[in-house]
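Nothing in this text is a laboratory measurement; each read-out follows from the coordinates by a stated rule. This one's a predicted model, so the numbers in the text were calculated from it and none came from an experiment. Methodologically, a virtual Cβ is constructed for each residue, glycine included, from the backbone with ideal geometry; neighbour enumeration extends over all protein chains shown.
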Amino acid sequence: MIEPDRAHRQPWLQLRKPVSRKQGFLSAIFIWALFFAVWEGVSLAGLVNDLLVPAPHAIVATLIDMLINRDFVSDILISVWRVVLSFGIACAIAVPLGIAMGAFPAIEAVANPFVSAWRYLPAPSFIPILLMWFGTGETPKLVLLIIGVIFFLITLIMDHTKQVRSELVETGLTLGGNRWTIVRTIILPAAMPNVLIAMRQMLAVTWTYLVIAEIVASTTGIGAMMMRARRFLHTDEIMAGIIVIGALGLTFDILFRKLHRWLYPYLYSRES
């Protein structure tokens, strides 16, 4: 006879069913703890060269020293400012243009061939010409970060806008709404939850371009610090910079997720 508790016990692997917050939190801790434990064990066993792959405890010690004694905090703040400013500019352009392209096929027919072509051009290839146009100040770094995300973001927002149910638009037209009223009251509210998700996804891409942007004639920022460390084979400092970028990116991702949950709580009402 099957015991009652065992009969109602849910299997660990379930199809398309969200896990609880507790399980998600414990799973995240487990995978990162396992990663760093394996890394530390390999380093202590002497299986890797400490100069090229320093142990995690050595990287943490270096990071603490950099934060306290080497003014690394200012480099972090400068990098965060560059990411936030450039991504804000990209969103200010991409959101209205992407929504307009998704709502009006005539605008899509004009803009999409241009936007689609730019998506296949690698942003780092613009570095020489950006230096020629804007010099070595902040402008080429910001423009590079904008180019790296804006065209993908426009396309994602356009696709999400086109996915708004046509029945809603047709109902608005039947009730006598004009084009701009329908965009403002139907299309925009229906598309914005997915638009925010697209923004969150592309913010991660902005962080991946940060180091490339900051090696362009720069003396400040996390990327510039990593390039200085490379000259003297300070791999621990490079690893510390990589970990900081990853931690900052994860922090921004969590903030975007919480913002999404706060703005659209009805999308999470079915979660336990």
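Some values worked out for this structure:
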| quantity | calculated |
| --- | --- |
| The chain: DSSP helices with Cα axial extent of at least 30 Å and average Kyte-Doolittle hydropathy no lower than 1.0 | 21-44, 72-103, 138-162, 188-214 |
| Global geometry of the range 1-124, whether rounded, prolate or oblate, following the gyration tensor of its Cα atoms and the 1.5 cut on a/c | oblate |
| Added length on full extension, which subtracts the Cα-Cα distance from 0.36 nm per residue, Phe126 to Ile242 | 39.4 nm |
| Qualifying trypsin sites (Lys or Arg not before Pro) for the range 164-272 [loop in DSSP, other Cβ within 10 Å: at most 12] | Arg165, Arg270 |
| Cβ-based charge dipole, the chain, positive-most Cα from Pro122, Gly172, Ala58 | Gly172 |
| Gaussian network model of the chain, springs between alpha carbon atoms under 10 Å - residue of Pro122, Pro54, Pro18 with greatest fluctuation | Pro18 |
| For the range 1-160, with +1 on Lys and Arg beta carbons and -1 on Asp and Glu, the positive-most of Gly102, Asn49, Leu67 along the dipole | Gly102 |
| Lys, Arg +1 and Asp, Glu -1 on Cβ, resulting dipole of the chain about Cα centre, debye, nearest 20 | 700 |
| Pairwise label distance in nanometres, Thr220 with Thr136, each label 7 Å out on the Cα-Cβ vector | 1.5 |
| FRET E, pair Leu85, Ala45, Förster distance 41 Å, beta-carbon r, rounded to 0.05 | 0.35 |
| Cα gyration tensor shape of the chain, rounded if a/c is under 1.5, else prolate or oblate by comparing a/b with b/c | oblate |
| Positive-end extreme of charge dipole, the chain - chosen from Met227, Ile182, Gln163 (charges on Cβ) | Ile182 |
| For the chain, built as a Gaussian network whose Cα springs stay under 10 Å, the top-fluctuating residue of Ala90, Ala190, Ala213 | Ala190 |
| Partner aspartates and glutamates for Lys17 [C-alpha distance under 15 Å; skip if fewer than 8 residues away on the same chain] | Glu271 |
